[in-house]
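To keep things clear, I will list the structure first and then write my remarks on it.
Coordinate-derived values only; no laboratory data. Quick caveat: nothing in here was measured; it's all calculated off a predicted structure. Here the Cβ is made from the backbone with ideal geometry for all residues, glycine too, and neighbour counts use every protein chain on show.
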Amino acid sequence: MDRLLPIDLDHAGLPLALRGYKRKATDALLARASAEIERLLSELKAAHEKLALQEQELERFRSQEHTLKESILLAQKMADETRALAHREAEVVREESRQRLAEETRAAEERVKELHWQLEQLELDRMRFRRRMRAELEETLKALADPTEGLAGA
């Protein structure tokens, strides 16, 4: 069945019959119907055009959404990689710090041992010095206490 168009109503040319409808009223009704169909077809066309534009816009939004999702995933991946790299670098820094601390601790312990050895040497030197000094003082006291010893040597 063919679609009814406004022009079909304009050129309807209904046959006249005895006791039929009034021609002017019928033509006026057909003209109104034709105008209404014309208006509705125009609205339908506008609606189809608007729908096509909205479908294009929807497709553009879907494309943008897809791009945004990919960007977010890429950003998340980069953030994860950056975080992992930072953890690895932090571990390297911690390990270097541990090694440096161990080396400095060993060096400090060696220095402490060296200082202890030097202290012991100084203590021995002090004891030797005291013994010599005591011996000298005792000899001097002995010489002072025994006046004959000093004359015998003269």
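For Arg88 and Glu114, what does the FRET efficiency come to when R0 = 22 Å and r is the distance between their Cβ atoms, rounded to the nearest 0.05? It comes out at approximately 0.05.
If you keep only loop residues by DSSP, which trypsin sites (Lys or Arg not before Pro) in region 6-86 have at most 15 other Cβ atoms within 10 Å of their Cβ? Qualifying residues, ordered by number: Arg19, Lys22.
For the charge dipole of region 28-154, defined by +1 on Lys and Arg C-beta atoms and -1 on Asp and Glu C-beta atoms about the Cα centroid, which residue among Val112, Ser71, Thr82 has the Cα displaced farthest towards the positive pole? Checking the options against the dipole of region 28-154, the answer is Ser71. The helix-only estimate of mean residue ellipticity at 222 nm for the chain, built from DSSP H runs of length n ≥ 4 each weighted as -39500 (n - 2.57), is -32500 deg cm²/dmol after division by the residue total. Using only Cα atoms, tell me the angle between helix 23-145 and the longest principal axis of the chain; keep it within 0 to 90° and round to the nearest 10. Roughly 0 degrees between the two axes. Charging the Cβ of each Asp and Glu at -1 and of each Lys and Arg at +1, and nothing else, the dipole of the chain about its Cα centre rounds to 1060 debye. With all pairs of different C-alpha atoms in the average, the Kirkwood value for the hydrodynamic radius of the chain is 29.1 Å.
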